[in-house]
Amino acid sequence: MFKKAPENSNRTAPGRARAQRGNVLLLGLVFVVAVAATAAVTYVLITMFTHKQEARQPFVRVVEVDEMTTDPEPWGQNWPRQFDGWKSTSGGEFYGGSSAMPESKLEQQPWLKRLYAGYAFSIDYREARGHAYMLYDQGVTERITQKPQAGACLHCHASTTVLYRSVGLEAMGEEVTAEKLSSEFNMPAVIRGFEELSQQPYQDVLAMLYATPDGTPGENEPVFPQAPTGGFTGEYAGQDVPADHLPLGEAHPVTCIDCHDPETMSIRVTRPGFMQGIRDLAEGDGDASHLPSVEQWRAGSRKEPYDPNKLATRQEMRSFTCGQCHVEYYCANKTTLTFPWGEGLTVDDAEQVWNEMEFPDGTEFYDYKHGETGAKAFKAQHPEFELWSQGIHARSGVSCADCHMPYEREGAMKISDHNVQSPMENINNACQTCHNVDADELRKRVETIQERTVAMTNRAGAAVTDMLDAIMEAKAAGATEADLAPIFELQRKAMWRLDYISSENSKGFHADQEAARILAESMDYSRQAQAMALRWRAPAAPDTEQLETEPVKGVTPEGKAPANP
Amino acid sequence: MVKIPVRKPTSSRRSVRILSVAVALVVGVLGGLGTFTLGYGDGLSYLTNDPTACANCHIMQDHFDSWVKSSHRDVAACGDCHLPHDFVGKWITKADNGFFHALAFTTGNFYEPIQIKPRNRRVTQGACLHCHGDLVDSLRPAEHGGDMQLCVHCHSDVGHALRR
């Protein structure tokens, strides 16, 4: 194009100009395309670079966190994605205040009021919300504001390890220094501190928790709003909160440090209740075929007690961290918090432990005296870990986190979703990783199990109600405590089984056949108790020996049968 | 001669020259950057049969890890099952998947867990038959294109178990 046109070119001047314009246009087009292509290639290059960086460096530790850092915010600077997930458990934004409280279960299932008669759960019992609400909702429930409760409740609803360690060190006669609090976990001190506090009044332990250092001195702006002192009525245990009782500092719901080692980030067990419970399970002979490290320990020398933090596999830990709280336990002020796992993890095993247990003062163990009949009853908490242990997923080696905190991809990073929630909110990551089935079909399978379990639960609720009516009628007719003792035994069994499944938070999904078995037993015990109570009032039954019964007959009409040879 | 007509071609020739240089520069930058990106992203490895190339972009890592422990590890790599065994089909499938996988991963717009497309499903079925055709001949439909189950309907664990 820089060549001179030949002298005797037959192109005319306008022709040359047109050709030149064409060249310029072509050049311009090439220029634009090349610029666009360069931009695209640069974009690809940068994404590639980012992904390679992500694959190499899952996180950058920009601030130090140690054993004192219960405040999740510094952790959030190092692990922003996990922190964002954790914050998402609020459901987007935090819904505080009395008008935002979730629906009352007592209104949805009125038989619950009869079941819990005489117990604080009959006052206020609502649908559960996400992890973000655990401390807030506990602080405002009327079970706490109207009735005296124990500090043990905070074992699971707050980030308490620093408080426990501090109180424990003091009780063990050691000097409490910031260095000692921040340098190591010190399980013996944590267990000791927990024992010191578990029977103290709830509001006192909560106040101590507010005053405990959380690793961010001078910063008292919590991630989620804190519950108003004394709930919505300004009361604890039915008493007005003193005007000078203002909380100082921050208290956190369960945060990063409660499941993670601040040094290595590996997941760990921090709760004294679980440490003791899993030890009891290992030492007993209940079925633990889904927990390989427990079986291994049983087969070994047993010189040292079973310690999940040392022996459990990574996959087991992905359930154990959840099993620190999502379990059945005793949690009131007559003895320390106890997990009933010595005989095994089934509903019958736990019942056996409670039946054989005594309070430290030598009296018979029970959770509450039923407000109507006066029978001594057990209250089931929320045995998710135990029911999961009976189901097909546990048998197949699937952990809690596999479904409730499934792995997700962020660019080239594989992280565990810290928005702990129902797997139904995230079917593709939670279920489809293993189940090669359409999402709608999977949802329907789950709904079928849950609908059947709820229908069965309501049926068992009706049976319990009928039983209570029959027992009350017997009482009104003059039955004494001694007369009713065998009926009370049945009442306790029926209520324990119904409560076990209705309080468990999977509507039977964690082990559907086991849930059905337990509910069937509940209905059976309810009806047995009802029949026994009715019989107590009924006149003596007549003798049935003399009644004629029908002998066996063939189906062929008489006379037409072939004669016997 | 009048000055103006002389000047006109000179100035337009100069601007053409500037434009030409600019185009050469941009094309050069594109060429350089493109070559670098191709090298940085291990682009040429996609032309080989090396199974590690399939895990280049991180998405297939789990599938690769599972394949390493699979029954077919010693007899079939990724391409042996996921590419047709004829020349044209192989390179069309490679180009098709290469482009759409790169697009999906770069934009982040894809369904998780990843699922095989119907076209690629037909390719894997063809690959099963390529090796095992004689064995299963009597199981196949009598007419061409007749209805039948895919081999992986039952044998889903042969390639990369638990990562489908």
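The values are calculated or read from the model by the stated rules, or taken from the named source; none is laboratory data. As the structure is a prediction and not an experimental result, all values here were calculated from the model. Because the Cβ atoms are built from the backbone with ideal geometry, glycine has one as well, and the counts that use them run over all protein chains shown.
Residue selection: residue A:100 satisfies the criterion of being farther than 30 Å from residue A:378 by Cα, among the aliphatic types (A, V, I, L, M) and away from every other protein chain (no Cβ under 14 Å). Counting only residues that are touching a strand residue (DSSP E or B) at 6+ places or on another chain (Cβ under 7 Å) and away from chain B (no Cβ under 13 Å), how many does segment A:416-445 have? Final tally of qualifying residues: 1.
Of the residues making up segment A:170-184, not one is touching a Ser or Thr at 6+ places or on another chain (Cβ under 9 Å) and either modelled with pLDDT of 95 or more or at positive phi (or both).
For segment A:190-219, a residue qualifies if it is in a loop (DSSP other than H, G, I, E, B), acidic (Asp, Glu) and modelled with pLDDT of 90 or more, and exactly one does: A:214. If the condition is being more than 16 Å from residue A:422 (Cα to Cα) and in a helix (DSSP H, G or I), then segment A:117-133 contributes A:120, A:121, A:122. Of all residues in segment A:193-220, none that is outside the structural domain of residue A:152 (by TED's automatic domain parsing) has its Cβ atom under 6 Å from the Cβ atom of a residue that is in a helix (DSSP H, G or I), 6 or more apart or on another chain. If we scan segment A:9-19, do we find a residue that is at pLDDT below 90, among the small types (Gly, Ala, Ser), in a loop (DSSP other than H, G, I, E, B) and on the phi > 0 side of the Ramachandran plot? Checking segment A:9-19: not a single residue is at pLDDT below 90, among the small types (Gly, Ala, Ser), in a loop (DSSP other than H, G, I, E, B) and on the phi > 0 side of the Ramachandran plot. Taking the conditions (1) out of contact with any His (no Cβ under 8 Å at 6 or more places or on another chain); (2) modelled with pLDDT of 90 or more in turn, residue B:110 satisfies each one other than (2).
Among the numbered conditions (1) without any contact (Cβ under 8 Å) to a residue 12 or more places away in the chain; (2) under 21 Å from residue A:328 (Cα atoms); (3) among the β-branched types (Val, Ile, Thr), the only one that residue A:448 does not meet is (2). In segment A:356-381, how many are over 22 Å from residue A:325 (Cα atoms) and among the polar types (S, T, N, Q)? Selection size over segment A:356-381: 2.
There is no residue in segment B:150-163 that is of a type in the set (Lys, Arg) and within 23 Å of residue B:85 (Cβ to Cβ).
State yes or no: is residue A:166 modelled with pLDDT of 95 or more, under 18 Å from residue A:69 (Cβ atoms) and either assigned by TED's automatic domain parsing to the domain that holds residue A:468 or part of a loop (DSSP other than H, G, I, E, B) (or both)? Considered against the rule, which asks whether it is modelled with pLDDT of 95 or more, under 18 Å from residue A:69 (Cβ atoms) and either assigned by TED's automatic domain parsing to the domain that holds residue A:468 or part of a loop (DSSP other than H, G, I, E, B) (or both), residue A:166 comes out as no.
Could you tell me whether segment A:446-463 includes any residue that is over 30 Å from residue A:372 (Cα atoms) and either outside any helix (DSSP H, G or I) or within 14 Å of chain B (Cβ to nearest Cβ) (or both)? No - not one qualifying residue is present in segment A:446-463. Scanning segment B:100-115 for residues that are under 17 Å from residue A:426 (Cα atoms) and facing chain A (nearest Cβ under 8 Å) yields a count of 3.
Against the list (1) over 20 Å from residue A:414 (Cβ atoms); (2) at pLDDT below 95, the condition residue A:72 fails is (2). Could you check residue A:518 against (1) of a type outside the set (Asp, Glu); (2) modelled with pLDDT of 95 or more; (3) assigned to a loop (DSSP other than H, G, I, E, B) and say which number it fails? With respect to (1) of a type outside the set (Asp, Glu); (2) modelled with pLDDT of 95 or more; (3) assigned to a loop (DSSP other than H, G, I, E, B), residue A:518 is out only on (3).
Annotation note: Cβ proximity below 7 Å between a residue of segment A:496-518 that is over 24 Å from residue A:355 (Cβ atoms) and hydrophobic (A, V, I, L, M, F, W, C) and a residue that is at pLDDT 95 or above and surrounded by fewer than 24 Cβ atoms within 10 Å (Cβ to Cβ) (sequence gap 6+ or interchain) occurs for A:509/A:446; A:509/A:449; A:509/A:450.
Set side by side, the residues A:482, A:511, A:531, A:541 differ, and just one is loosely packed, with under 10 Cβ neighbours inside 10 Å, assigned to a helix (DSSP H, G or I) and on the phi < 0 side of the Ramachandran plot, which is A:482. Within segment B:45-89, the residues that satisfy the criterion of being part of a helix (DSSP H, G or I), surrounded by 15 or more Cβ atoms within 10 Å (Cβ to Cβ) and more than 14 Å from chain A (Cβ to nearest Cβ) are B:51, B:53, B:54, B:67, B:78, B:79, B:80, B:81, B:82.
A quick yes/no check of all residues on (1) buried (at least 16 other Cβ atoms within 10 Å of the Cβ); (2) of a type in the set (Asp, Glu); (3) within 26 Å of residue A:407 (Cβ to Cβ); (4) at pLDDT below 95:
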position	(1), (2), (3), (4)
A:246	no, no, no, yes
A:269	yes, no, yes, no
A:278	yes, no, yes, no
A:291	yes, no, yes, no
A:295	no, yes, no, no
A:324	yes, no, yes, no
A:330	yes, no, no, yes
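Inside segment B:112-142, residues that are surrounded by 10 or more Cβ atoms within 10 Å (Cβ to Cβ) and either touching a Cys at 6+ places or on another chain (Cβ under 6 Å) or assigned to a loop (DSSP other than H, G, I, E, B) (or both) make up a count of 10. Being surrounded by 14 or more Cβ atoms within 10 Å (Cβ to Cβ) and within 12 Å of chain A (Cβ to nearest Cβ), is that true of even one residue in segment B:143-156? Checking segment B:143-156: at least one residue is surrounded by 14 or more Cβ atoms within 10 Å (Cβ to Cβ) and within 12 Å of chain A (Cβ to nearest Cβ). Comparison of A:41, A:65 shows that the only residue that is at pLDDT 90 or above, facing another protein chain (nearest Cβ under 10 Å) and surrounded by 13 or more Cβ atoms within 10 Å (Cβ to Cβ) is A:41. Residue under question is residue A:373, and the condition is that it be at pLDDT 95 or above and either in a helix (DSSP H, G or I) or of a type outside the set (A, V, I, L, M, F, W, C) (or both); does it hold? The answer is yes for residue A:373. What is the residue count in segment A:96-107 for residues that are touching a residue at least 12 places away in the same chain (Cβ under 8 Å) and within 24 Å of residue A:404 (Cβ to Cβ)? Going through segment A:96-107 one residue at a time, the tally reaches 4. Pairing residues of segment A:62-73 that are outside the structural domain of residue A:216 (by TED's automatic domain parsing) and on the phi > 0 side of the Ramachandran plot with residues that are among the acidic types (Asp, Glu) and surrounded by fewer than 24 Cβ atoms within 10 Å (Cβ to Cβ), at Cβ distances under 9 Å and at least 6 apart in sequence or on separate chains, gives no pairs at all.
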